[in-house]
Protein chains: 2
Amino acid sequence: MTQPIAQALSARLRDMILAGEFRGGQHLREVQLAQMFGASRTPVRLALAANEKDGLLAYSPNRGYVVRPFDPGDIAGAFEMRALIEGLAARKAAERGLSDEALRRIAEAIDTVARVLATDEALDDGAREAWRTHNAVFHRTIIESADNRFIAPTLQTVQRIPSVYPPVLASYDPALLRKYNDHHRGIRDCIVARQGVRAEFLMREHVTVAGEDIRASLHPAPELAGAAE
Amino acid sequence: MTQPIAQALSARLRDMILAGEFRGGQHLREVQLAQMFGASRTPVRLALAANEKDGLLAYSPNRGYVVRPFDPGDIAGAFEMRALIEGLAARKAAERGLSDEALRRIAEAIDTVARVLATDEALDDGAREAWRTHNAVFHRTIIESADNRFIAPTLQTVQRIPSVYPPVLASYDPALLRKYNDHHRGIRDCIVARQGVRAEFLMREHVTVAGEDIRASLHPAPELAGAAE
DNA sequence: TAAGGTGGGATTGCATGCAAACGGACCGAC
DNA sequence: GTCGGTCCGTTTGCATGCAATCCCACCTTA
């Protein structure tokens with residue numbers, strides 16, 4: 001990204017924005033952030049520029065940076081992009097085939113999640129952490145198997161959205177997570193069978209459904225929250 | 001992006017990279033760029049960081065920035081992404097419908113290109129410029145009609161690739177450009193008819209074909225350059 | 001001769017100072 | 001009372017200085 005300290009500040013600032021510690025439209029002052037982080041204005045300025053490039057801040061010349069507001073339409077748009085691009089990754093992975101190592105990691109991720117979800121009770125913190133980790137392994141492995149250098153960075157930018165990002169992610173309803181793990185199995189089977197088109201559309205559907213679930217859990221009135229798309 | 005001077009430097013640096021004025025892997029030194037641009041190191045540093053975020057430079061702590069090499073596989077990957085995302089834009093535009101203004105601009109773009117291509121002779125500079133402009137209007141209008149804030153920035157990053165970017169674009173073969181304009185007509189008709197799926201796949205096909213043509217024109221041996229995908 | 005260590009030049013990383021631009025408050029005029 | 005203008009505090013934008021790191025060549029030693 002940039003340089004050692006600036007890089008760390010950029011990540012810290014990003015996490016604060018994603019965690020919702022600033023309100024939308026808020027003006028971020030360099031000196032204020034600098035003393036908050038115990039650094040000088042120079043690395044802070046780089047961190048601001050980096051987060052602006054990531055779409056989290058808006059810049060005006062001579063006026064500085066404000067945090068960009070996000071609305072439900074943006075969340076829907078982000079999941080549209082995610083579905084499309086992860087679908088591409090699944091298709092490419094199927095066309096190219098998975099390495100033994102990739103296949104092993106995917107199998108392990110699916111199996112571990114299945115074990116964690118064997119109960120119907122609410123998940124404790126450890127179980128939630130395990131789910132997050134292995135869910136991420138599944139997706140990341142497919143993305144890395146897709147042989148397209150543009151996929152990973154693009155996905156990162158559309159996934160880093162305030163109010164919908166991994167640490168805040170899901171309601172952790174075991175029924176939902178089991179459904180997702182079934183999706184994962186289906187996608188894995190299609191990739192192994194080298195059925196690229198099926199893998200693409202199953203992945204697209206998987207991401208779309210997950211997005212609708214998340215948006216439903218965010219809406220105050222959860223009746224048909226996702227169906228309006 | 002960043003601040004006034006730094007912003008200008010960032011664009012100048014980007015254009016130099018895209019124009020191929022540095023070789024892949026070349027180390028860009030801050031002081032050298034600073035005196036080349038007649039500025040100090042501070043805005044140069046910001047310009048370097050911005051271009052790194054755009055994927056044109058690679059950064060290593062305490063070692064600075066090197067220009068990232070691109071190979072034919074990267075070009076193919078970029079067109080894969082472009083086809084997918086512009087397809088999404090076409091589908092969304094069809095689903096939402098075009099404004100009268102957007103429809104007018106698209107019609108004008110298609111008609112103007114048709115007039116420019118009425119001859120079979122090689123295009124002069126003015127004709128090439130006209131084609132570039134109106135081709136861009138067609139694509140941009142659809143992208144702006146898609147109502148997804150992530151589409152435009154993502155497309156920009158996958159289109160800004162050394163050796164394949166608008167000013168260097170096409171061989172300007174009138175037969176090819178007429179083919180593209182026919183594609184545009186078909187896409188326009190689908191969008192107007194609110195046939196989102198057809199619009200999506202026609203756009204995807206259009207971009208894919210254009211990418212194969214470009215890659216064929218770059219390859220030394222142009223036999224089946226695009227068919228290997 | 002080859003391997004390892006060491007010193008110096010060059011380059012990046014960060015802090016700070018100064019100039020320019022912005023924004024808001026106060027004041028005056030109509 | 002409202003509109004327009006001017007002044008001043010605040011903030012950003014850029015230049016520069018200094019410390020830390022790195023790279024490379026040279027030297028030492030086995």
Any residue at all in region A:168-179 that's within 14 Å of another protein chain (Cβ to nearest Cβ) and crowded, with 16+ Cβ neighbours inside 10 Å?
no
Could you count how many residues in region A:60-77 are modelled with pLDDT of 95 or more and near DNA strand D (Cβ under 9 Å from one of its atoms)?
1
Look at A:GLU52 and say whether it is out of contact with any Cys (no Cβ under 7 Å at 6 or more places or on another chain) and within 11 Å of DNA strand D (Cβ to nearest atom).
yes
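Give the residue that is nearest to DNA strand D (Cβ to nearest atom), with candidates limited to residues of region A:5-24 that are of a type in the set (Gly, Ala, Ser) and open to solvent by less than 10 Å² (accessible area, probe 1.4 Å).
Step by step, filter region A:5-24, then rank; the result is A:ALA6.
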Go over the candidates B:ALA50, B:ALA78, B:ALA39, B:ALA11 one by one and state the one that is touching a residue at least 60 places away in the same chain (Cβ under 8 Å) and either away from DNA strand C (no atom under 13 Å from the Cβ) or not in a strand (DSSP E or B) (or both).
B:ALA78
Given the condition over 15 Å from the mean Cα position of the chain (by Cα) and of a type in the set (D, E, K, R), answer yes or no: does some residue in region B:84-94 qualify?
yes
How about region A:109-127: which of its residues are in a helix (DSSP H, G or I) and either aliphatic (A, V, I, L, M) or open to solvent by 90 Å² or more (accessible area, probe 1.4 Å) (or both)?
A:ALA109, A:ILE110, A:VAL113, A:ALA114, A:ARG115, A:VAL116, A:ASP125, A:ALA127
Would you say B:ARG96 is closer than 16 Å to B:GLY196 by Cα, open to solvent by 30 Å² or more (accessible area, probe 1.4 Å), within 14 Å of another protein chain (Cβ to nearest Cβ) and among the basic types (Lys, Arg)?
yes
In region B:128-159, residue surrounded by the fewest Cβ atoms within 10 Å (Cβ to Cβ) [restricted to those that are within 11 Å of chain A (Cβ to nearest Cβ) and in a loop (DSSP other than H, G, I, E, B)]
B:ASP147
Considering only residues of region A:25-46 that are touching a Lys or Arg at 6+ places or on another chain (Cβ under 8 Å) and within 14 Å of another protein chain (Cβ to nearest Cβ), which is surrounded by the most Cβ atoms within 10 Å (Cβ to Cβ)?
A:LEU46
Residue that is least open to solvent (accessible area, probe 1.4 Å) [pool: residues in region A:78-93 that are more than 16 Å from A:GLN159 (Cα to Cα) and either modelled with pLDDT under 95 or basic (Lys, Arg) (or both)]:
A:LYS92
Log entry, pairs with first residue in region B:53-65 being in the same structural domain as B:GLN32 (by TED's automatic domain parsing), second being near DNA strand D (Cβ under 9 Å from one of its atoms), beta carbons closer than 6 Å, six or more apart or on different chains, reads B:PRO61/A:PRO4
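The values are calculated or read from the model by the stated rules, or taken from the named source; none is laboratory data. It should be emphasised that the depicted structure is a prediction, and the values quoted were computed from it without experimental measurement. Every residue, glycine among them, receives a Cβ derived from its backbone with ideal geometry; neighbour counts consider all protein chains shown. Quick note on the areas: whole protein, heavy atoms, side chains included, nothing else; ligands and nucleic acids left out. Shrake-Rupley method; radii C 1.70, N 1.55, O 1.52, S 1.80 Å.
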